[in-house]
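Please read the structure below before turning to the comments.
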Amino acid sequence: MPVSSAADGTPVWRRTTRRRALLAWFAWLMLVALVVAAWNEMTRDTIWAFVWDAPGQAADIGTRMLPPRWSYAGELLRPLWDTLAIATLGTLLALPIAVPVAVLAARNTTPSATLVRPLALLIIVASRSINSLIWALLLVTVLGPGVLAGIVAIALRSVGFMGKLIYEAIEEIDPAPVEAMQATGASALQVMDYGIVPQVMPAFAGITVFRWDINIRESAVVGLVGAGGIGLSLEASLNTLAWSQVSLILLVILATVLVSEWVSAKVRHAII
Amino acid sequence: MLRIEGLQKQYRTGDAALRGVDLVVPAGEVIGLIGPSGAGKSTLIRCVNRLVEPTAGRIFLGDDEVTGASRRALRRLRRRMGMIFQEFALVERLTVMENVLAGRLGAVPFWRSLTRRFPPEDVRNAFATLDRVGLLDHVDKRADALSGGQRQRVGIARALLQDPDLLLIDEPTASLDPKTSRQIMRLIGEVCAERRLAAVVNIHDVALAQMFLGRIVGLKAGEVVYDGPSAGLDATVLTRIYGEEDWTRTARSADGEPDDAAPAAPAPAPRLLRAAAE
């Protein structure tokens, strides 16, 4: 350790050894080099005339966006409802898959750490590594365009997210009540019901509402590729360059997200 | 009631926690298990109901062998052994009543426990037991709303509701203040006497053990180094169990009144100071 003695024999303490300090400097140097290299890569293919022009373009679109076309709002109610339905049903559909996967993935509940656990983790990683937009793209080609593709896309993406957070919550429980339940001669299911479920419940509810909140935002996007909801209207408006409608849709999405965040915060607060 | 023969436990890390322990606890006898930290007290108690799997040796509850029992048989045997924990091990978010009824889990089918529809007799028993431990007013509270002493009473009630033959009690007072510790130890002694329960009590506090327990088993480095009456715990014996230390004040308290009134527990501070000065 970085304790040495000076010439007069008094002990000297440093936080790190010289070797570690050098390594840290080298790591920082590499980071700077990486930033420079990335910058070069990025600027090579940039057409700078467009970039210099950007403020003017943005201002132009801004003026076309304002004022929002309020009369269009009536036509948005139905897609908005679809969006909420996609988010809610997608979350509900994900639950019965995410919970068993989480139980199988948690170190302290998995029936086999060598066989079942890696499989459950694979399901979680696979679901998480694919964005819901890409799930939606795939599903629109398989199921055809519409709300159903959106629901399944949202659900498939949510399984990984909720599965991961729930299995982490299961792994963090206090093992003492579990031991106590086992000591009474309870069966494995009873141990789960009494020893584990009550401890995981608050986290579980919080995770579900949190994911629902995220899904409202994501379900607005999956419509862009034809999976139903307000994203469909957004795509249509973008394609027809109806900027005043685009701004209204963005406002509606913003308002919806605000409301859903408020709801999820309330619910989480009430549960914990 | 409990018979342990040549019990050994070697943890996967290679630490030998128990090196051949023999112990017999007849029905109705409450014994204290003392020893320094790491002597294997908790391991021993957990081996009895196989929360920890023994490496070698045999354990009998009555005439039934615990070691080598199948999963089903083990569950049935565990029903006959109530366990009480240092940190109470209650399910914090469940009510007192649910925690106590959890003692019946081994005897009740899954759907009944899931819907919390326990047999009426169990519920009657739970009320009576909660009355016995003095918690009848707290039936509907959540476990995390109780004080330490109250929680341990819930733990005791849960163990009693199993209608066990044997209680395994792991450091019941280590998380409690001195007064509550005495109340809990007295309660344990009383209920064991009422129901003629055998019990093994792990306990840190030598003075408390002498006060409430008749027979003491001293464990050191996984071996029994003393098995005899608590009155026999003198300085020599304590040195054998715990190692060299000034035991005169602790040992003397054994001759004193076995009652709360006697300031039996020696204040640790002066002892430590003296040890440091030597």
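Read-outs: derived from the displayed coordinates by stated rules, not from any lab. In this text, all values refer to a predicted model and were calculated from it rather than measured experimentally. So basically every Cβ, Gly included, is an ideal-geometry build from the backbone, and we count neighbours across all protein chains shown.
Per-structure values
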{"read-out": "Least to most buried among A:M181, B:M1, A:M30 (fewest other Cβ within 10 Å first)", "value": "A:M30, B:M1, A:M181"}
{"read-out": "GNM flexibility winner over chain A from A:A73, A:A180, A:A155 (Cα, springs under 10 Å)", "value": "A:A180"}
{"read-out": "Net charge, B:R196 excluded, C-beta distance under 15 Å - Lys, Arg +1, Asp, Glu -1", "value": "-3"}
{"read-out": "Shielding score for B:50-56, defined as the mean number of other chain Cβ atoms within 10 Å", "value": "1"}
{"read-out": "Averaged over A:170-177, number of beta-carbon atoms from partner chains that fall within 10 Å", "value": "3"}
{"read-out": "Relative contact order of chain B, pairs being alpha-carbon contacts under 8 Å that are 6 or more residues apart, as %", "value": "24"}
{"read-out": "Inter-part distance where region B:2-28 and region A:56-86 are each reduced to a Cα centre, Å", "value": "75"}
{"read-out": "Shape of chain A, Cα gyration tensor, a/c cut at 1.5", "value": "oblate"}
{"read-out": "Fraction of antiparallel bridges per DSSP, chain B only, in percent to nearest 5", "value": "55"}
{"read-out": "Helix runs (DSSP H) in chain A reaching 27 Å along axis by Cα, Kyte-Doolittle at least -0.5", "value": "A:18-44, A:73-105, A:147-171, A:197-222, A:243-271"}
{"read-out": "When each of A:K164/A:K266; B:K9/B:K179; A:K266/B:K141 is checked by Cα-Cα distance, pairs over 26 Å", "value": "B:K9/B:K179"}
{"read-out": "Relative contact order [Cα under 8 Å, 6+ residues apart], region A:76-271, whole percent", "value": "28"}
{"read-out": "Rounded Å value of the spacing that divides the Cα centres of region A:20-49 and region B:52-111", "value": "61"}
{"read-out": "Least to most buried among B:K141, A:K164 (fewest other Cβ within 10 Å first)", "value": "B:K141, A:K164"}
{"read-out": "Degrees between helix B:178-195 axis and first principal axis of chain B (Cα, 0 to 90, nearest 10)", "value": "60"}
{"read-out": "Three-way shape call for region A:12-59 based on the alpha-carbon gyration tensor, with the a/c threshold at 1.5", "value": "prolate"}
{"read-out": "Per-peptide average of other Cβ atoms within 10 Å, ordering B:169-175, A:106-112 highest first", "value": "B:169-175, A:106-112"}
{"read-out": "In region B:152-197, trypsin sites (Lys or Arg not before Pro) in a DSSP loop with at most 15 other beta-carbon atoms within 10 Å", "value": "B:R196"}
{"read-out": "Sequence of B:V201, A:V197, A:V221 once ranked by neighbouring C-beta atoms within 10 Å, starting from the fewest", "value": "A:V197, A:V221, B:V201"}
{"read-out": "Cα centroid separation - region A:193-244 against region A:126-142, whole Å", "value": "14"}
{"read-out": "Cα-based shape type of chain B, given that a ≥ b ≥ c are square roots of the gyration tensor eigenvalues and the cut on a/c is 1.5", "value": "oblate"}
{"read-out": "Rh by Kirkwood over Cα pairs, then Stokes-Einstein D for the protein assembly as shown at 1.306 mPa s and 10 °C, µm²/s", "value": "55"}
{"read-out": "Using alpha-carbon coordinates, inclination of helix B:148-161 to the longest axis of chain B, degrees", "value": "60"}
{"read-out": "GNM result for chain B, Cα springs below 10 Å: residue of B:N49, B:N125, B:N202 fluctuating most strongly", "value": "B:N125"}
{"read-out": "For region B:61-76, 3J(HN,Hα) per residue [Karplus equation, 6.51 cos²θ - 1.76 cosθ + 1.60, θ = phi - 60°, Hz, x = Gly/Pro]", "value": "10, x, 9, 9, 8, 7, 5, x, 5, 5, 4, 4, 4, 5, 4, 5"}
{"read-out": "Gaussian network model of chain A, Cα within-10 Å springs - most flexible of A:I134, A:I61, A:I47", "value": "A:I47"}
